[in-house]
Amino acid sequence: MDKTKIIELLNKDLQDEHGAIIQYLNHAYGMGEGEMACEVEANARDEMRHFDWLAETIVELGGAPSLERGTMRMGGAQVPEWMQNNVMLEDGAIKQYKEHIGLIDDPRVKRLLKRILSDEEAHRDSFAHFVEKAGREGARDIRGDKQDKTASTLNWGIGHEYTVILQYLLHSYLSKSEEAQEQLADQAINEMQHLGWLAEELASSGGNPKLEHIAVDKSTETADMLKADIKIEKEVAEAYDKAGKETDDAGLKKLLFRIRDNELYHIDVFNDLLAEEEGK
């Protein structure tokens with residue numbers, strides 16, 4: 001099988017990993033605190049690792065990672081139904097990985113897919129257990145329909161964090177600078193923390209986190225990537241600062257200012273990288 005076809009199959013897997021991440025995070029945030037929510041979020045982190053491995057392999061093969069979301073099963077009014085949808089999603093992933101393992105003749109890629117497959121089979125078993133456990137323990141959706149200014153601010157922040165996670169990861173995969181690759185990936189992880197803090201804050205206060213992103217910069221030159229990343233960081237640092245000053249909620253103010261300070265740090269890191277890149 002030629003590299004173009006392998007890349008096509010791997011991008012399909014990548015898209016479905018993306019979809020699984022969002023589905024599982026939605027469920028984890030919707031359940032709030034508790035052992036089951038933590039385990040669902042842990043499965044989402046496994047899918048994030050799969051996403052990373054697949055994206056890196058696609059780039060090594062000469063392709064570009066897709067940022068599209070693949071298959072998702074977001075229906076269900078009760079937590080046991082969510083868990084059943086997760087079982088079905090994993091069933092589909094297991095079937096697809098087995099098909100791709102059979103089709104791809106590159107031994108290194110086959111080995112990677114077999115490694116991912118073992119995780120998906122474990123996830124499938126855990127979600128099947130959660131179907132029964134959720135019903136027995138009365139797990140419920142803690143989210144509400146709160147739509148005030150605070151909820152709007154938090155959902156704006158969630159959308160921003162989701163966007164820059166994808167942007168920084170894409171830039172880290174495509175940059176030819178090893179230092180930029182490392183720093184971009186590291187800041188993407190920090191943005192993942194921000195997304196979690198904001199989503200948990202919103203869900204626990206009666207709101208409904210919306211995991212949707214806006215347009216992602218797809219520059220291919222490191223300097224252009226960093227300029228785009230600095231621009232969005234400056235805009236969002238100002239927005240977090242403004243929102244923090246406007247809220248009367250002491251806890252929310254502290255959270256927004258903490259994220260603002262993290263974003264200011266990102267600006268400094270990216271400016272240093274840009275100066276090095278332009279000085280070459």
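A compact table of results
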quantity	calculated
Percent of C-alpha pairs per 10 Å bin, the stretch 26-97, short to long	17, 44, 29, 10, 1
Estimated [θ] at 222 nm from DSSP helical runs (n ≥ 4, -39500 (n - 2.57)) normalised by residues in the chain, nearest 500	-28000 deg cm²/dmol
Charge-dipole axis of the chain as Lys and Arg at +1 and Asp and Glu at -1 on Cβ define it, positive-most pick from ILE142, LEU112, ASN262	ILE142
Dimensionless Rg/Rh of the stretch 149-278 - Kirkwood Rh, Rg from C-alpha atoms	0.99
Charge-dipole axis of the stretch 3-137 as Lys and Arg at +1 and Asp and Glu at -1 on Cβ define it, positive-most pick from TYR29, LEU89, ALA128	LEU89
Rounded to the nearest 20 debye, dipole of the chain from Cβ charges on Lys, Arg, Asp, Glu	620 debye
Sum of side-chain charges, GLU161 neighbourhood, beta-carbon under 11 Å (Lys, Arg +1; Asp, Glu -1)	-2
At most 11 other Cβ within 10 Å, DSSP loop - trypsin sites (Lys or Arg not before Pro), the stretch 176-218	LYS176
3J(HN,Hα) from dihedral phi, the stretch 236-251, Karplus parametrisation 6.51/-1.76/1.60, rounded to Hz, x for glycine, proline	6, 4, 5, 5, 5, 4, 5, 5, x, 6, 7, 7, 9, 7, 4, x
GNM result for the chain, Cα springs below 10 Å: residue of GLY19, GLY206, GLY30 fluctuating most strongly	GLY206
Ellipsoid semi-axes in whole angstrom, largest first, where each is sqrt(5λ) of the Cα gyration tensor of the stretch 3-137	28, 14, 12
Ellipsoid equivalent to the chain - semi-axes via the Cα gyration tensor, in Å	30, 29, 12
Estimated distance in nm for a label pair at ASP2 and GLU60, the labels positioned 7 Å out from Cα along Cα-to-Cβ	2.2 nm
Span from the the stretch 90-144 Cα centroid across to the the stretch 213-280 one, whole angstrom	35 Å
For the stretch 149-278: relative contact order, % (alpha-carbon pairs under 8 angstrom, 6 or more apart)	28 percent
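Throughout, read-outs are computed from the coordinates displayed, never taken from laboratory work. None of these values were measured; they are calculated from a predicted model. For neighbour counting, all protein chains shown are included, and Cβ atoms are generated from backbone atoms with ideal geometry for every residue, glycine included.
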